[in-house]
Amino acid sequence: MQRRYNPAHLILASVVALGLTLLMVCVDAQARIVFMSDRDWNWEIYVMDNDGDNQLNLSNNLGDDKYPSWSPDGKRIVFESDRSGRDRNRQIYVMDADGGNQRNLSNNDFDDRDPSWSPDGKRIAFVSHRDGNYEIYVMDADGGRPKNLTNNRTPDDNPSWSPDGKRIAFDAYRDVNVINLEIYVMDADGDNERNLTNHANFDQNPSWSPDGKRIAFDSLRDENRDIYVMDVDGGNQRRLTKNPFKDWEPLWSPDGRRIAFVSNRELDGNHEIYVMDADGSNPRNLTNHPDDDADDSAPSWYGPAFAVAPTGKILTIWGRLKQVDR
C-alpha cells in the first residue's frame, strides 16, 4: 500500500530543514579563532574568523598579552599579561570577547600563566610559580579559591581540559635526572596522574578532541617538531604532519574535523596559524601576515554550536537535526 504523507508534516520538515541550514551558515560564520601576535611590536591578543578573515587586535596594551582561551559561552577571553608592573611577573587577565572590560583575576606577586577555561565555564586552570615551582593550579572563573593540583618538584605546564571537565592533560618533567617533557593526564582534582606518551623525546602541548577520544600534541621524536595524535589512554600514537619545518601547538576545531596549529613553513620563516584536516591533510595558512618580523601563535577556537551543549556532551548539528555524543 502506498504511504500517504500529511502536507503539514512536509511543511514542518521543510521549515526545520531551512532553519537548520540557516543555523549552520550562521554558526560557521560566527566560529572564530583567538590567537596572539607581535605584529604591533609587542604581543597582543587577536581574533579572526575561522577562515582567517577579519583579523582584529583585542587587547591593545603596552604589556605583553599572550595565550588566550575562550570561555565556553564565547563571551569572554582569558589570557596572561605582564602589564601589572610587578617585576614583569605575568598574571591571569580576562576581557569581554570584543576586548572590553579587561581585568586582573590572579592579582598576586608571583608568575601566573597559560590559562585554560573549563568546559562548564566555572573554573580556569593555569600555571603558577607561587609555591616556588611551576605547577598546575585551578581557580574559580572570578579568580577565587586558587588550588595547587600537581604539587610536584619538577615543572608542569600547558593544562588542557577534557570535554567533560573531569580530567586535565598537561606536559611535565617528572624525572629530575632526565630533561624530557611527557604528556600526562590527571583527574580535575589532581588525583590519578599518569604518563600517556612514555617516549624518549619531548612531547608537549596536549589538546583534547571534542569527542574526548583523542589527544593531539607536538613532539620532537622524529628529529623535527611535528603534530601527533593518540588515543586518550596513550595508545595508537601517530604522526600527522611531516615536513622539514616545525609544527606545534595543535588545537582541535569544535566539530573535530580540523586542527589548527602553528608553523614556520613559509619561506619568510614567520610563525603563522595554519589549519589542516584532522587526518593531517590539506594544510593551509590562515594568518598569512606579510611582516617579516611578525609571529602569530597560540590559537584557541570557539564554535557557538558546540559551546551551548550540556557539560560532557558535544552538540552536533551537521547531518542530523540534533545528535548528542555522550
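The values are calculated or read from the model by the stated rules, or taken from the named source; none is laboratory data. Quick caveat, the model's predicted, so the values are computed rather than measured. Methodologically, a virtual Cβ is constructed for each residue, glycine included, from the backbone with ideal geometry; neighbour enumeration extends over all protein chains shown. In case anyone asks, the SASA skips ligands and DNA or RNA and just uses the protein heavy atoms, side chains included. Shrake-Rupley method; radii C 1.70, N 1.55, O 1.52, S 1.80 Å.
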Quiz item: What is the residue count in region 251-272 for residues that are within 13 Å of THR241 (Cα to Cα) and either in contact with a helix residue (DSSP H, G or I) (Cβ under 6 Å, 6 or more places away or on another chain) or acidic (Asp, Glu) (or both)?
Solution: 0
Exercise. Could you please tell me which pairs satisfy a Cβ distance under 9 Å, a separation of 6+ or placement on different chains, a first residue in region 57-80 that is free of Cβ contacts under 8 Å to residues at least 12 places away in the same chain and closer than 16 Å to LEU105 by Cα, and a second residue that is aliphatic (A, V, I, L, M) and open to solvent by less than 20 Å² (accessible area, probe 1.4 Å)?
Key: none
Quiz item: With respect to ASP203, is the statement that it is within 18 Å of the chain's Cα centre (by Cα), open to solvent by 20 Å² or more (accessible area, probe 1.4 Å) and modelled with pLDDT of 95 or more true?
Solution: no
Practice problem: Just give me the residues in region 175-192 being surrounded by 17 or more Cβ atoms within 10 Å (Cβ to Cβ) and part of a loop (DSSP other than H, G, I, E, B), in sequence order. | Solution: LEU181, ALA188, GLY190
Quiz item: Taking the stated definitions as given, is SER118 in contact (Cβ under 8 Å) with a residue 12 or more places away in the chain, polar (S, T, N, Q), open to solvent by less than 10 Å² (accessible area, probe 1.4 Å) and at negative phi?
Solution: yes
Quiz prompt | Members of region 123-150 that are under 23 Å from ILE45 (Cα atoms), without any contact (Cβ under 8 Å) to a residue 60 or more places away in the chain, part of a loop (DSSP other than H, G, I, E, B) and in contact with a strand residue (DSSP E or B) (Cβ under 7 Å, 6 or more places away or on another chain) | solution = none
Quiz item: Pick from region 74-87 the residues that are modelled with pLDDT of 95 or more and open to solvent by 50 Å² or more (accessible area, probe 1.4 Å): which of them is farthest from ILE124 (Cα to Cα)?
Solution: LYS75
Quiz item: Mind checking whether some residue in region 209-232 is open to solvent by 40 Å² or more (accessible area, probe 1.4 Å), in contact (Cβ under 8 Å) with a residue 40 or more places away in the chain and in a loop (DSSP other than H, G, I, E, B)?
Solution: yes
Quiz prompt | Residue ID - modelled with the lowest pLDDT, chosen from residues in region 294-320 that are closer than 20 Å to GLU249 by Cβ and assigned to a loop (DSSP other than H, G, I, E, B) | solution = GLY303
